[in-house]
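Visitor: Here it is: the structure, laid out below.
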Amino acid sequence: PERARFLLALTGPPVVDPRSGRSFPLVGLEAATATGDVFVGEAQLAIPDAPGPAALSHIEVASDGYVAGVEVSVKVLHGRPQQLVIDLRAPDGAEVTLHDRGAGTATAEGGEATLGATGVWATYPGDTQPAESLDALLDRPAGGTWTLEVADVDPSPTPGAPPSIVGWALRLATG
């Protein structure tokens, strides 16, 4: 169920039925055939405006192995993604910045895009290069609590839909 949830929630732009207006997930072939264990984090978490605390979402990984490969899919809804810093923290405290106040990406057509929302909808290092290399997480213990931290670091107002972590997933290869 974790892998299915990841595939349905975090791959490909949704397809909108023109008759009903309902959105349906599109499963990407690359994600469906990828190797490694997939873990899905807590979703639909509000991101407080600056100077508030960062939004934290966690994934528990039960593994005795060490990280041999890592890929992170993130969907964050925010009207001004250049106000965001997104970090991934490993169980041993090692941290990598995925997004550092960059322009972000537009949401896919249909679904949230009909609201004119933008955010950070990316797979690191797949379709987007992280601000810092994920190689810093290699050879570290895979087991424990992984944390996605999303901070709004600019007190300017955020237009559009309320900022939130829509969802995220972590794919780990262990050795």
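The values are calculated or read from the model by the stated rules, or taken from the named source; none is laboratory data. All of these numbers come straight from a predicted model, not from anything done at the bench. Please note: Cβ atoms are built from the backbone with ideal geometry, for glycine as well, and neighbour counts cover all protein chains shown. SASA here: full protein model, heavy atoms, side chains in, ligands and nucleic acids out. Shrake-Rupley method; radii C 1.70, N 1.55, O 1.52, S 1.80 Å.
Visitor: Can you tell me which condition VAL85 does not meet? The list is (1) within 17 Å of THR158 (Cα to Cα); (2) at pLDDT 90 or above; (3) assigned to a loop (DSSP other than H, G, I, E, B), and all the others hold.
Guide: (3) is the only condition that VAL85 fails.
Visitor: If you don't mind, there's one more thing I want to ask. Determine whether region 55-78 contains at least one residue that is open to solvent by 10 Å² or more (accessible area, probe 1.4 Å) and free of Cβ contacts under 8 Å to residues at least 24 places away in the same chain.
Guide: Taking every residue of region 55-78 in turn, none turns out to be open to solvent by 10 Å² or more (accessible area, probe 1.4 Å) and free of Cβ contacts under 8 Å to residues at least 24 places away in the same chain.
Visitor: Does region 136-155 contain any residue that is hydroxyl-bearing (Ser, Thr, Tyr) and part of a loop (DSSP other than H, G, I, E, B)?
Guide: So far as region 136-155 goes, no, none of its residues is hydroxyl-bearing (Ser, Thr, Tyr) and part of a loop (DSSP other than H, G, I, E, B).
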